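The values are calculated or read from the model by the stated rules, or taken from the named source; none is laboratory data. Fair warning: this is a prediction, and the values are worked out from it, not measured in the lab. FYI the Cβ positions are ideal-geometry reconstructions off the backbone, even for glycines, and counts take in every protein chain you see. Note: accessible area is taken over every heavy atom of the protein model, side chains too, but ligands, DNA and RNA are not part of it. Shrake-Rupley method; radii C 1.70, N 1.55, O 1.52, S 1.80 Å.
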Amino acid sequence: MVTEVPYWGANVRHNNFVVQAKIHGEAGIVPATDELKEYISNLIPRTVYKKLPEQALAKFFAEKISAAYEEHDYALWVSVDILTTEGQTFGDVRMIKE
């Protein structure tokens with residue numbers, strides 16, 4: 001038997017990469033895609049300022065998103081994939097609640 005875990009996600013493009021983030025959670029999780037898109041968009045300037053390499057972006061976004069959604073009632077973990085225009089993919093997963 002396969003059970004699906006509810007999630008909501010967002011894709012945000014910036015120059016040569018796309019941040020694809022999903023917040024996975026318990027039944028009852030209410031999608032807030034626009035909120036997640038806005039949060040990711042606000043984090044992007046920090047990656048430019050810190051001059052983070054592409055391979056560090058997934059970890060950066062996963063850590064920040066998991067910390068931001070710590071108090072959310074139904075959010076359990078976040079998965080982030082970075083897709084580059086050069087065809088590379090980098091990913092990271094962080095627990096929000098255990």
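Details
- Taking segment 42-53 as the range and being closer than 19 Å to GLN88 by Cα and either surrounded by 13 or more Cβ atoms within 10 Å (Cβ to Cβ) or touching a helix residue (DSSP H, G or I) at 6+ places or on another chain (Cβ under 6 Å) (or both) as the test, the residues that pass are ILE44, THR47, LEU52.
- Restricting attention to segment 54-74 and to residues that are under 15 Å from VAL18 (Cα atoms) and open to solvent by 60 Å² or more (accessible area, probe 1.4 Å), the residue that is modelled with the highest pLDDT turns out to be LYS59.
- If you go through segment 15-73 and keep only what is touching an Asp or Glu at 6+ places or on another chain (Cβ under 7 Å) and touching a residue at least 60 places away in the same chain (Cβ under 8 Å), you end up with PHE17, GLN20.
- Taken together, the criteria place TYR39 among residues that are in contact with a helix residue (DSSP H, G or I) (Cβ under 7 Å, 6 or more places away or on another chain) and open to solvent by 60 Å² or more (accessible area, probe 1.4 Å).
- Candidates are the residues of segment 75-96 that are in contact (Cβ under 8 Å) with a residue 12 or more places away in the chain and open to solvent by 60 Å² or more (accessible area, probe 1.4 Å); the one that is nearest to ALA32 (Cα to Cα) is TRP77.
- Hits in segment 11-36 - residues which are open to solvent by less than 40 Å² (accessible area, probe 1.4 Å), at pLDDT below 90 and either within 11 Å of VAL80 (Cβ to Cβ) or in contact with a strand residue (DSSP E or B) (Cβ under 6 Å, 6 or more places away or on another chain) (or both): GLY25
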